[in-house]
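The values are calculated or read from the model by the stated rules, or taken from the named source; none is laboratory data. Since this is a predicted model, take the numbers as computed values, not measurements. Every residue, glycine as well, gets a Cβ built from its backbone with ideal geometry; the counts of neighbours run over all protein chains shown.
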Amino acid sequence: MFKLNPFFVYNLSMRVVVLGKGLMLANIVLGVLDAGADVVGVFRYEETCNSRLKMLFDDFFKPAPEVTLINKLKIRQIRLKSANGPLFRKLMVTLNVDLIIIGTWRERLEKETFNLPTIASVNVHPSLLPKYRGPNPYLQNILHGEKYSGVTLHLVTEKFDNGPILKQEKVEILDSDTSQELRDRSVRTARKLVTELISDLDNKVLTPVAQNEKLATYYPNISGDERMLDFKFQTSDEISRTIRALHPFLPCYITYLNKFFIVNPYNFKILQESFSANAGDIVAKNPEKSSITILCADDKAIRFTDLKLYKAERKTKEFIKSEVVVI
C-alpha cells in the first residue's frame, strides 16, 4: 500500500517536492536542504485558492518570507490549481520525484498522487498524532490546556492525518505561549525532523508505525464565536487560554456598552487579589494605560492593558475614562 519500503536502504541524492504554506513550508524546504537532498519543486497552498493575478501582485509587492526564501534559492515554483490533477502528476513523473513532503495543505491527496514518488509521500503535522488531528493543532493544544504539543511525520494515506508514523518529537507549550510562539517552535522542530528523516532513508532501515486509533482525537476549525470573551461563564484560565490560542489567527474582544475592546494577547494578567463583585463586573480601570480589570466566573480578575476600541483606537483612553463604570 505504501511506497516506503522498510527493508530497503536508499542511497540516492533525493529529489523532493514540497507542498505547503507559510513558515512550515519554508522550514521543510530548509530541512530538505540541510540533509543534502534536492528541492526540485515547491507547490504553495495559495496557488490552489488564489487567482494568478493576485499571486503575481502579492509576490511582487508584499512577498511572504517563504516566497523570499524560494526566490533566493531559485527553486522552481509549481503554478497549478491542484495536486490531484493530471498536470501535477505528469510533472512528478517528469521530475522523477523521490519524496513529496507536505506541510499545511487543503486538498485530500488521492492515491494516484501520493503513490507517485519512488519512495513516499510524507505529511508534517504539528501535533503528537494520533492526538489533535485536524486543521489547526496549534490553537487546539493551547485551547485545551496541554503542556506539550509536538510534530509528527507520517505517511500520506487517503484519510487526513491518519498514516503510519515515521518520526515524532514533543514540543513544550509554555504558560505564556500564544499559537504564534508554539507555531514558531514547531516549525523549527519540523525542519530538524525532515533532515533526520532523509538522513535515515539514506543510511538505515526506517519502519513506519501505525497510529493507535483508540488514542485519536480530531478538532475542526473553530466557529469564530470564541473570540467574544464571556466573563460571566468563563474562568480566568479559560479566558487566558482562549486569548493565547486565537492569536495570531483571530483577535479577541471584550464587549462593553455595545462597544468592543480588542485584547492585546501579550498584555493581560490574572490577579490573585479578591474583589467583592460579580462575574463580568469591571473592578478597576486605568485610562492612561488603556486598562480595565474584569472579574471572571471563578472569582479571579484579569487586568487587561493596551486595549483598543474597535474602529476607534484613538478614543480608547477617553472612553475608558468617561464611560467605563467600576463596580
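Which residues, taken from region 106-145, are buried (at least 24 other Cβ atoms within 10 Å of the Cβ), over 20 Å from the mean Cα position of the chain (by Cα) and either among the hydroxyl-bearing types (Ser, Thr, Tyr) or not assigned by TED's automatic domain parsing to the domain that holds GLN180 (or both)? Passing the criteria: only SER121.
Only one entry of LYS321, LYS269 meets the criterion of being in contact with a strand residue (DSSP E or B) (Cβ under 9 Å, 6 or more places away or on another chain), under 20 Å from PRO248 (Cα atoms), exposed (fewer than 14 other Cβ atoms within 10 Å of the Cβ) and modelled with pLDDT of 95 or more, and that entry is LYS269.
If only residues of region 272-318 that are over 21 Å from PHE233 (Cβ atoms) and in contact with a Leu (Cβ under 8 Å, 6 or more places away or on another chain) are counted, the one that is surrounded by the fewest Cβ atoms within 10 Å (Cβ to Cβ) is LYS315.
Note on region 38-55: residues that are surrounded by fewer than 11 Cβ atoms within 10 Å (Cβ to Cβ) and farther than 18 Å from PHE88 by Cβ total 2. Within region 184-191, not a single residue is modelled with pLDDT of 95 or more and over 21 Å from the mean Cα position of the chain (by Cα). The set of residues in region 117-136 that are touching a residue at least 60 places away in the same chain (Cβ under 8 Å) and either more than 19 Å from PHE43 (Cα to Cα) or outside any strand (DSSP E or B) (or both) comprises PRO117, THR118, ILE119, PRO126, LEU129, PRO130, LYS131, TYR132, ARG133, GLY134, PRO135, ASN136. Among the residues examined, GLY103 qualifies as among the small types (Gly, Ala, Ser), touching a Gly at 6+ places or on another chain (Cβ under 7 Å) and either assigned by TED's automatic domain parsing to the domain that holds LEU155 or surrounded by fewer than 12 Cβ atoms within 10 Å (Cβ to Cβ) (or both).
Taking region 280-327 as the range and being farther than 14 Å from PHE268 by Cα and of a type in the set (Gly, Ala, Ser) as the test, the residues that pass are GLY280, ALA297, ALA312, SER322.
Note on region 165-186: residues that are buried (at least 18 other Cβ atoms within 10 Å of the Cβ), touching a strand residue (DSSP E or B) at 6+ places or on another chain (Cβ under 8 Å) and either in contact (Cβ under 8 Å) with a residue 60 or more places away in the chain or assigned to a strand (DSSP E or B) (or both) total 5. Note on region 142-164: residues that are among the β-branched types (Val, Ile, Thr) and free of Cβ contacts under 8 Å to residues at least 40 places away in the same chain amount to 1. Out of THR217, THR178, THR189, one residue alone is β-branched (Val, Ile, Thr), under 17 Å from PRO126 (Cα atoms) and touching a Gly at 6+ places or on another chain (Cβ under 8 Å). It is THR189. When you scan region 248-262, do you find a residue that is surrounded by fewer than 17 Cβ atoms within 10 Å (Cβ to Cβ), over 31 Å from the mean Cα position of the chain (by Cα), of a type outside the set (D, E, K, R) and not assigned by TED's automatic domain parsing to the domain that holds GLN140, even just one? Checked region 248-262: at least one residue is surrounded by fewer than 17 Cβ atoms within 10 Å (Cβ to Cβ), over 31 Å from the mean Cα position of the chain (by Cα), of a type outside the set (D, E, K, R) and not assigned by TED's automatic domain parsing to the domain that holds GLN140.
Only a single criterion out of (1) modelled with pLDDT under 95; (2) surrounded by fewer than 18 Cβ atoms within 10 Å (Cβ to Cβ) is not satisfied by ASN212, namely (1).
Tallying residues that are modelled with pLDDT under 95 and hydroxyl-bearing (Ser, Thr, Tyr) within region 215-266 yields 1.
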